[in-house]
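Trainee: This structure is in structure tokens; I'll ask about it shortly.
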Amino acid sequence: MQRTTRRQALTEAGAAFYELTREPLRQLHDASDRASESRTSLHGRLRLSAPVSFGVRYLPSVLSRFSEQHPGVEIDLVLNDRIVDLVEEGFDLTLRIGRLADSSLMSRRLALCRRAICASPAYLARHGIPKHPADLLAHNCLRYTQAGQSQSWAMTAPDGTKEVVTVGGNLAANNGTALMMAALAGEGIILQPLFIVDEALRDGRLVQLLSTYRLGELELHAVFPAARYMPVKLRRFVDHLVESYAVGLP
């Protein structure tokens, strides 16, 4: 250190020593924390947010297994299809599907979500089957309003040609399951993740359209506030999510 009557500062050698030891010391503290964690049970509350359709179908069993392993953790799950403000609204973690906006938040990718364009047999019997993306312009397309540019449906042809169709229709909604129910009722054509429509496709209540065209996959992320030391229960839960969705989604 260089000291005067008014101030003190690192010498060049001191600054170099600090840079060399800062990361090893952080790792040492982290290793010590992890060792102490293994000797104690987790407790406290985890406040989580997730999209409605995904949360209803794919979260209960994941949360149940986590609770069996860590019964001292209380889980507060809030389902909605808007993007929550983690810090302002007091959430520890949110699940988001789609492209993440640039932010100071941390994230872990959990899985890829494939999508399908589909409609009911009754609708197709009345209005015909689209054979090309441009044919969608003549159809009633039901749009998901939470997605950016919900009227622009992009896909790639077998030869690699990219197609973008600006669709229209008489119904838009902020929930994918609501749109699927409308499609099942013969209202129109939807573009939705397979985790919403896969069962209806398997049993024939919906028919997949333009199946030779490739639709971009959506990413499922766990998003949480950035912190120097992540709370133990949150880190364990993120690891649990990664393990649970490692097998993928429909």
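Trainee: Here's a check for you: in the stretch 181-237, which residue that is in contact (Cβ under 8 Å) with a residue 40 or more places away in the chain and among the charged types (D, E, K, R) is least open to solvent (accessible area, probe 1.4 Å)?
Mentor: Asp198
Trainee: Also, quick follow-up: Name the one entry in Glu88, Glu74 that is within 27 Å of Met230 (Cα to Cα), open to solvent by 60 Å² or more (accessible area, probe 1.4 Å), touching a Lys or Arg at 6+ places or on another chain (Cβ under 6 Å) and not in a loop (DSSP other than H, G, I, E, B).
Mentor: Matching residue, one of Glu88, Glu74: Glu74.
Trainee: Taking the residues in the stretch 57-71 that are under 15 Å from Lys233 (Cα atoms) and part of a loop (DSSP other than H, G, I, E, B) as candidates, determine which candidate is farthest from the chain's Cα centre (by Cα).
Mentor: Pro71
Trainee: Still on this structure: Tally the residues that are open to solvent by 40 Å² or more (accessible area, probe 1.4 Å) and within 17 Å of Pro133 (Cβ to Cβ), restricting the search to the stretch 163-180.
Mentor: Here the count works out to 3.
Trainee: Moving on. Restricting attention to the stretch 96-140, which residues are within 30 Å of Glu74 (Cα to Cα) and surrounded by 20 or more Cβ atoms within 10 Å (Cβ to Cβ)?
Mentor: Across the stretch 96-140, the qualifying residues are Arg96, Ile97, Leu110, Ala111, Cys113.
Trainee: Out of all the residues in the stretch 113-141, which are within 16 Å of Leu201 (Cβ to Cβ) and not aromatic (Phe, Trp, Tyr)?
Mentor: Selection gives Cys113, Arg114, Arg115, Ala116, Ile117, Cys118, Ala119, Ser120, Pro121, Ala122, Leu124, Ile129.
Trainee: Ala111 is checked against (1) over 13 Å from the mean Cα position of the chain (by Cα); (2) over 25 Å from Val167 (Cα atoms) and fails just one. What number does that condition carry?
Mentor: Among (1) over 13 Å from the mean Cα position of the chain (by Cα); (2) over 25 Å from Val167 (Cα atoms), Ala111 violates only (1).
Trainee: Let me ask you something else. Tell me, please, whether a residue that is assigned to a strand (DSSP E or B), basic (Lys, Arg) and at pLDDT 95 or above can be found in the stretch 117-128.
Mentor: no
Trainee: Quick one: would you say Ser41 is over 30 Å from Ile83 (Cβ atoms) and either touching a Cys at 6+ places or on another chain (Cβ under 9 Å) or modelled with pLDDT of 70 or more (or both)?
Mentor: When the stated conditions are applied, Ser41 passes them.
The values are calculated or read from the model by the stated rules, or taken from the named source; none is laboratory data. Source: prediction; values computed, not measured. With ideal geometry, Cβ positions are generated from the backbone for all residues, glycine too; neighbour counts draw on all protein chains shown. These area figures cover heavy atoms from the full protein model, side chains too; ligands, DNA and RNA do not enter into them. Shrake-Rupley method; radii C 1.70, N 1.55, O 1.52, S 1.80 Å.
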